[in-house]
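Structure record follows, encoded as structure tokens.
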Amino acid sequence: MTVRKFTLEIEGLFKASGEIDIDDSVVNTSLLSTIPAPSTPTPEHKQEREPYKPTPIPEDAISIHEYGVEPIDSQLEGLTFQGCCYPGHSTPMGDGYWIEQNNGVRIIKIKNGVKTSELARSYIGTPEFNNLDLSNVNLYIPKGTYIHLQGAGMNALWYQKTKSISGEGTLIGIKNDNNPSFNKISTKVQGITLKNIIVECTPDRHADQILHGLTINLNSLEKSRNPITVDSLKATIEADGVVIETEAQLRSGFYIDHAKKVSIKNSSIVASYADNGIRVSRVLQTCELIGNTSGKGFNTALQASANREALSIGFKFHGNTVNEVLEEGAGFDSYANSLNLLPVITKFYISKAYRGDHGTVIEIDTLYFIEELIAGKKYGNKTVNAAFVGDAKNFLFVIDGEYKDFRVISSEPYNNGNSLKIVIESDYIPSVGSEASLVTGFYKCSISENTVNGVVPKTNQPGHALSLWGGGFHNIIARNVVRGGRSGLNMASLGAFGVENPDYFCHAIGNIIEENKIYDTISAIRITSEYSKRFGYGNKLLKNEVSGGEIYINNQRDFTMRGNYLSGNTVMIENVSGILEGGALTDTLIEIKNCPDLVLGSIDLVGKSEIRRV
């Protein structure tokens, strides 16, 4: 008999080694050829674990391995990350692995129902690591899984504030103080995957956020958090290819409370619920949301709110996809029900107007703003000074009764700072005594080529797929597609707080709604002026294709409705002057009420279509 050693491996099934007695006289030589010779002649031979081979890194970066941090993949046995567990807060269940801080950083594994626990071989956040100075380091995270420990004095990557973090690896965040909350980092991030880690603007809230190819996975450790936050008018956020996936309920996927510039592209947010997919407030310069996808069941998907610090100019929502949200798909909103967000900065009556060297000079002796007389119930006017207004170049000058708007070139206070002189970009001389205002809002912005698949609110609120709500000047809503839901498109000008003489009207002037496709909604289009005696002015509804749903248009001056194709709609036009012409109606009824100055042109009528004045 001959004793032979063997190693036998069947791919995907098992691998084994051992010894077997074989009778050489009966063994087929072909069989022997499949039994390899031992790798070494010594019986003590053992197969050693191959050392980890790091991925090549960019020339200007330093690998996390240089600081003694290694991946934990060799400990994971191919299991899937299920979350972090904290004594008294969560209990691991089902196959997978968890990270726990309990007498050291531990990996808890459940495989085929069998639970084991072992110390992690390496993690980010050791005392040695926390004493490093990474302020000038572009840190690279190679492919693999790494643990990021934070909390109770553990600085890790939060206060280290590296110049940037990039790579192909995955960081799993765990707290060391039995606190079931997400870790935080604040730096430029590209390529890596974050699990239970959010990106916040502090401790250096003014720092720019450059986030490329980033994936953030959060389990349901806590609710109402923002995976990505920016909160400084000096900070820019540039995000491209960011993926946010979570079981948690979010306030916003991206929460931009204050920013200098915003660019969020080709990113997606999936959560069990979010108040906002992307919420943008108070941006001083440009804002573009392009090619993003918002998950189902959010309250709003893409929303920008008016900024009292400055006019919102050239904002762009383009090519995004919104799926079944509750209240609003994509919109620019001015909040006329909040004194802190009201787009009317000040009201006044023009004291003097004359031509200057660089435009028309407007002198304003007395400036007004709203005063709350009885909390939440009664409001009136109060006088304010030029310091309350700030730099008038940030706002539009609007002659309210004439519905004319002008950019402001310069401003200076006079009369001990109680009065204001401004220069507007025009040769037009308004009449002394005319009621006018300095306003913020949305100016020459666009919502274009977005797809909104249903907005169906759970309450009796309207639920708009596309919205321009108060404070809109010369914006374009074009080539969007809306499928289903309660309300397709809503544009409104509106009064605020019931105050008159002067009033605080949030205008809609010179906006264009064109070439949109709106199908199967309950209220397809609303263009209205509400809570005021004033009107929307110079707005246009052009070449839209609408199938099903009601259309309501009221309180408009110099309004154009041309070249639209309506099928199965009921349309009410009330208190409107302008022109209605072109396009075609199929089984559609248009009723016109109190519109003596609305001119009717030629429109093709198909089926049971009818246009009638009532």
Where in segment 387-437 are there strands (runs of 3 or more DSSP E), lying fully within it, with 2 or more residues that are at pLDDT 95 or above and of a type outside the set (A, V, I, L, M, F, W, C)? 404-414, 419-424
One residue from 439, 455 being aliphatic (A, V, I, L, M) and in contact with a Ser or Thr (Cβ under 7 Å, 6 or more places away or on another chain): 455
Which number in (1) open to solvent by less than 50 Å² (accessible area, probe 1.4 Å); (2) touching a residue at least 60 places away in the same chain (Cβ under 8 Å); (3) out of contact with any helix residue (DSSP H, G or I) (no Cβ under 6 Å at 6 or more places or on another chain); (4) on the phi < 0 side of the Ramachandran plot marks the one condition that residue 132 misses? (1)
What are the residues in segment 68-81 that are open to solvent by 60 Å² or more (accessible area, probe 1.4 Å) and either touching a residue at least 24 places away in the same chain (Cβ under 8 Å) or closer than 16 Å to residue 149 by Cβ (or both), if any? 70, 73, 74, 77
Inspect all residues belonging to segment 468-484 and state whether any of them is in contact with an Asp or Glu (Cβ under 7 Å, 6 or more places away or on another chain) and under 21 Å from residue 339 (Cα atoms). yes
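Residue-wise test of (1) of a type outside the set (Gly, Ala, Ser); (2) touching a residue at least 12 places away in the same chain (Cβ under 8 Å); (3) under 22 Å from residue 328 (Cβ atoms).
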residue: 226; (1), (2), (3): yes, yes, yes
residue: 231; (1), (2), (3): yes, yes, no
residue: 242; (1), (2), (3): yes, yes, yes
residue: 251; (1), (2), (3): yes, yes, yes
residue: 267; (1), (2), (3): no, yes, yes
residue: 278; (1), (2), (3): yes, yes, yes
residue: 287; (1), (2), (3): yes, yes, yes
residue: 294; (1), (2), (3): no, yes, yes
Tell me, please, whether a residue that is open to solvent by less than 50 Å² (accessible area, probe 1.4 Å) and farther than 20 Å from residue 551 by Cβ can be found in segment 477-495. yes
Checking the structure you have, find out if any residue of segment 498-510 is of a type in the set (S, T, N, Q) and crowded, with 24+ Cβ neighbours inside 10 Å. no
Take residue 552 and tell me if it is of a type in the set (Phe, Trp, Tyr) and under 20 Å from residue 611 (Cβ atoms). yes
Output the residues belonging to segment 542-566 that are within 11 Å of residue 524 (Cα to Cα) and of a type in the set (Gly, Ala, Ser). 547, 548, 549
Failed condition for residue 120, given (1) farther than 22 Å from residue 141 by Cβ; (2) surrounded by 13 or more Cβ atoms within 10 Å (Cβ to Cβ), with all others met? (1)
Among the residues of segment 589-614, write down those that are among the β-branched types (Val, Ile, Thr) and farther than 12 Å from residue 564 by Cα. 590, 592, 599, 606, 611, 614
With criteria (1) modelled with pLDDT under 90; (2) surrounded by 10 or more Cβ atoms within 10 Å (Cβ to Cβ); (3) under 22 Å from residue 124 (Cα atoms), residue 39 comes up short on (3)
Top-ranked residue of segment 142-154 - restricted to ones that are open to solvent by 50 Å² or more (accessible area, probe 1.4 Å) and either outside any loop (DSSP other than H, G, I, E, B) or farther than 10 Å from residue 175 by Cβ (or both), ranked as modelled with the highest pLDDT: 143
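For segment 526-541: of the residues being assigned to a strand (DSSP E or B) and open to solvent by 30 Å² or more (accessible area, probe 1.4 Å), which is modelled with the lowest pLDDT? Write out each step before concluding.
First pass over segment 526-541, keeping only residues assigned to a strand (DSSP E or B): 526-530, 536-537, 540-541.
If we keep only those that are open to solvent by 30 Å² or more (accessible area, probe 1.4 Å) as well, we get 526, 530, 537, 540.
Working: 526: 97, 530: 89, 537: 97, 540: 98.
It comes out as 530.
Can you name the strands (runs of 3 or more DSSP E) wholly within segment 251-360 that have at least 2 residues being open to solvent by 50 Å² or more (accessible area, probe 1.4 Å) and either of a type in the set (Val, Ile, Thr) or closer than 26 Å to residue 383 by Cβ (or both)?
Hits in segment 251-360: 352-355.
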Only residues in segment 187-209 that are over 22 Å from residue 169 (Cα atoms) and modelled with pLDDT under 85 count as the first member; pair them with residues that are open to solvent by 70 Å² or more (accessible area, probe 1.4 Å) and hydroxyl-bearing (Ser, Thr, Tyr), Cβ under 6 angstrom, at least 6 apart or cross-chain, and list the lot. none
Some residue of segment 449-464 being closer than 15 Å to residue 315 by Cα and within 18 Å of the chain's Cα centre (by Cα): yes
Go through (1) within 28 Å of residue 504 (Cα to Cα); (2) touching a strand residue (DSSP E or B) at 6+ places or on another chain (Cβ under 8 Å) for residue 567 and report which single condition fails. (1)
Answer yes if at least one residue in segment 545-561 is part of a loop (DSSP other than H, G, I, E, B) and crowded, with 17+ Cβ neighbours inside 10 Å, and no otherwise. no
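The values are calculated or read from the model by the stated rules, or taken from the named source; none is laboratory data. Just so it is clear, the structure is predicted and the values come from calculations on it, not from any experiment. Cβ: placed from backbone, ideal geometry, glycine included. Neighbour counts: every protein chain shown. Side chains are part of the model used for accessible areas, which takes the heavy atoms of the whole protein and leaves out ligands, DNA and RNA. Shrake-Rupley method; radii C 1.70, N 1.55, O 1.52, S 1.80 Å.
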